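Laboratory data are not the source of any read-out in this text; all were calculated from the coordinates shown. Note that the structure is a prediction, hence the values are computed from the model and not measured. Ideal geometry is used to build each Cβ from the backbone, glycine not excepted, and the neighbour counts take in all protein chains shown.
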Amino acid sequence: MEKQRKECPECGCKEIGQGKLPTVLRPINAVIASSEVRAEVCTNCGYILNMRVLEPEKFKKSLI
Ligand SMILES: [Zn+2]
């Protein structure tokens, strides 16, 4: 079962790199908890396909 490769919706490039943002995102009402943010970036045009935190469960306490 081969994992389907992602494709840039802007230029069709299939070479998607993974970036780490030089910051962390903190739940709004948590003092200590924070999570690293990762982004998937098209290596051709620079379009960011998505961003996500690595530990989303930390944000359960900051539901709106
Ligand atoms: Zn692209």
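Taking the Cα centre of the chain as origin, sum charge times position over the Cβ atoms of Lys and Arg (+1) and Asp and Glu (-1), and report the length of that vector in debye to the nearest 20.
Dipole magnitude for the chain comes out near 260 debye.
Looking at Pro56, Gln18, Thr43, which one has the Cα that reaches farthest to the positive end of the dipole of the chain (charges on Cβ: Lys, Arg +1; Asp, Glu -1)?
Ranked along the dipole, the leading option is Pro56.
Once amide H atoms are built 1.01 Å from N in the peptide plane, which residues 5 or more positions from Leu49, or in another chain, come under 5 Å H to H?
Result for Leu49 returns Glu40, Val41, Cys42.
Would you work out if the chain is rounded, prolate or oblate? Take a ≥ b ≥ c from the square roots of the eigenvalues of the alpha-carbon gyration tensor; rounded if a/c is under 1.5, else prolate when a/b is larger than b/c, oblate otherwise.
Since a/c reaches 1.5 and a/b is larger than b/c, the shape of the chain is classed as prolate.
Only Cα pairs under 8 Å and at least 6 apart count here; give the relative contact order of region 1-49 as a rounded whole percent.
Relative contact order for region 1-49 comes out at 36 percent.
Once the Cβ-Cβ distance between Ala33 and Cys11 is put in as r, and R0 is 25 Å, what FRET efficiency do you end up with, to the nearest 0.05?
The value I calculate is 0.10.
Residue by residue, what Karplus-based ³J(HN,Hα) values in Hz, rounded to whole numbers, does region 39-47 have, using 6.51, -1.76 and 1.60 with θ = phi - 60° and x for Gly and Pro?
10, 9, 10, 5, 7, 9, 10, x, 4
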